[in-house]
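Undergrad: Sharing a structure, written as structure tokens. Questions coming.
The values are calculated or read from the model by the stated rules, or taken from the named source; none is laboratory data. All values reported here derive from a predicted model rather than from experimental measurement. Because the Cβ atoms are built from the backbone with ideal geometry, glycine has one as well, and the counts that use them run over all protein chains shown.
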Amino acid sequence: MFDEPEETSEERVLDPAARAKEKADEFRMHAELFAVYEGPRKFGAAMVPGMDPELARELQRGMARLEKTKSADSPVLPPESSADAEALLGLGSARGLSTGDYHIHRRPAEVMIARWLEGAKVETFYERMQAHIDAALGGYREDERQAHGWKNDPATAKYLDALDAVEVNTGERYLRPIIKAHPVFVLSTVTADEMDILHLCDHVMGVPAADVVGRASAPPEDEPTEQDRAWFFKLFSLRGAPGGVERMCFFTYLQKADDAF
């Protein structure tokens with residue numbers, strides 16, 4: 001579902017610590033997906049269609065500009081981008097849009113979704129993301145112990161021990177302490193060439209796909225094919241604490257995979 005990093009060597013795949021870290025990274029990406037999009041299913045967040053097309057394009061252009069300014073080595077934006085980042089974080093409230101809800105602009109085979117969080121809702125986001133990854137890692141550790149713990153295999157034992165040693169602090173991974181302590185802004189992205197739109201809508205969000213992408217673009221109800229379900233997906237996650245108040249803006253771009261390239 002997400003773009004996977006290319007494996008550089010057989011040694012990396014076989015190394016127990018690298019295998020454990022790779023699995024933890026996989027769970028972290030899924031935890032982020034749930035924390036960003038589970039609002040309708042868990043908190044009664046609304047799907048709000050009809051976002052102003054100019055606002056949607058302003059967000060799209062703004063996120064793209066910010067992405068170009070940051071280093072490939074760090075998601076922290078350079079100081080010269082701070083004013084633009086702060087403006088995007090405050091754009092929803094400036095336009096009178098509700099926080100926590102999903103504001104949607106649709107075109108044929110293309111969807112943009114914006115969601116703003118601030119204050120207590122930011123705290124809830126981090127709590128939910130941490131809970132998701134803790135549950136996923138805990139369940140996987142137990143399953144792996146039951147399936148392989150009986151083997152008299154040193155490599156397997158090292159892998160299971162490495163899994164037990166893995167700790168993922170989502171707040172630190174999202175650079176939350178740095179954001180709270182310094183006047184910096186952070187932008188990260190997640191991309192998938194073929195996101196299963198039914199998984200995102202039905203399983204993660206708990207809403208029909210038509211509520212997200214529109215009835216005309218939603219997969220057919222009877223036996224949808226993989227191509228029907230496949231959408232190009234890109235998530236921009238912008239964070240900062242202007243004025244001492246933590247804020248987040250999630251901007252999602254979706255396009256039907258057969259129309260994406």
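Undergrad: Determine which member of the set 117, 163 is crowded, with 18+ Cβ neighbours inside 10 Å, in a helix (DSSP H, G or I) and either acidic (Asp, Glu) or touching a residue at least 24 places away in the same chain (Cβ under 8 Å) (or both). I'd like the intermediate steps shown before the answer.
TA: Working: 117 fails: in a helix (DSSP H, G or I).
Of 117, 163, the one residue that is crowded, with 18+ Cβ neighbours inside 10 Å, in a helix (DSSP H, G or I) and either acidic (Asp, Glu) or touching a residue at least 24 places away in the same chain (Cβ under 8 Å) (or both) is 163.
Undergrad: So residue 37 passes all but one of these: (1) at pLDDT below 95; (2) under 29 Å from residue 101 (Cα atoms). Which condition number does it fail?
TA: It is condition (1) that residue 37 fails.
Undergrad: Now for a separate question. Pick from the stretch 120-133 the residues that are charged (D, E, K, R) and within 12 Å of residue 170 (Cα to Cα): which of them is surrounded by the most Cβ atoms within 10 Å (Cβ to Cβ)? Give the steps one after another, and end with the answer.
TA: So the first thing to find is which residues in the stretch 120-133 are charged (D, E, K, R), and the list is 121, 123, 127-128.
Add one more test, that the residue is within 12 Å of residue 170 (Cα to Cα), and what stays is 123, 127-128.
On the way: 123: 12, 127: 13, 128: 19.
Filtering the stretch 120-133 for residues that are charged (D, E, K, R) and within 12 Å of residue 170 (Cα to Cα), the one surrounded by the most Cβ atoms within 10 Å (Cβ to Cβ) comes out as 128.
Undergrad: Within the stretch 134-150, is there a residue that is closer than 30 Å to residue 87 by Cβ and surrounded by 16 or more Cβ atoms within 10 Å (Cβ to Cβ)? Write out each step before concluding.
TA: Residues of the stretch 134-150 closer than 30 Å to residue 87 by Cβ: none.
No, the conditions are met nowhere in the stretch 134-150.
Undergrad: Given the options 122, 168, 111, name the one that is β-branched (Val, Ile, Thr), closer than 30 Å to residue 218 by Cβ and out of contact with any Pro (no Cβ under 8 Å at 6 or more places or on another chain).
TA: Values: 122 fails: closer than 30 Å to residue 218 by Cβ; 168 fails: closer than 30 Å to residue 218 by Cβ.
Matching residue, one of 122, 168, 111: 111.
Undergrad: Scan the stretch 135-148 and give yes if some residue there is in a loop (DSSP other than H, G, I, E, B) and either within 21 Å of the chain's Cα centre (by Cα) or over 11 Å from residue 24 (Cβ atoms) (or both), otherwise no.
TA: no
Undergrad: Cβ-Cβ below 9 Å, separation at least six or inter-chain, first residue in the stretch 8-28 and within 18 Å of residue 140 (Cβ to Cβ) and small (Gly, Ala, Ser), second at pLDDT 80 or above and not in a helix (DSSP H, G or I): which pairs?
TA: Sorted first by the residue in the stretch 8-28, then by its partner, the pairs are 24/167; 24/168.
Undergrad: How many of the residues making up the stretch 96-114 are in contact with a strand residue (DSSP E or B) (Cβ under 8 Å, 6 or more places away or on another chain), farther than 17 Å from residue 237 by Cβ and part of a strand (DSSP E or B)?
TA: Qualifying residue count for the region: 5.
Undergrad: Hey, another quick one. Name the residues in the stretch 111-164 that are under 20 Å from residue 37 (Cβ atoms) and of a type in the set (Phe, Trp, Tyr), would you?
TA: Once the filter is applied, which keeps residues that are under 20 Å from residue 37 (Cβ atoms) and of a type in the set (Phe, Trp, Tyr), the stretch 111-164 yields 116, 125, 126.
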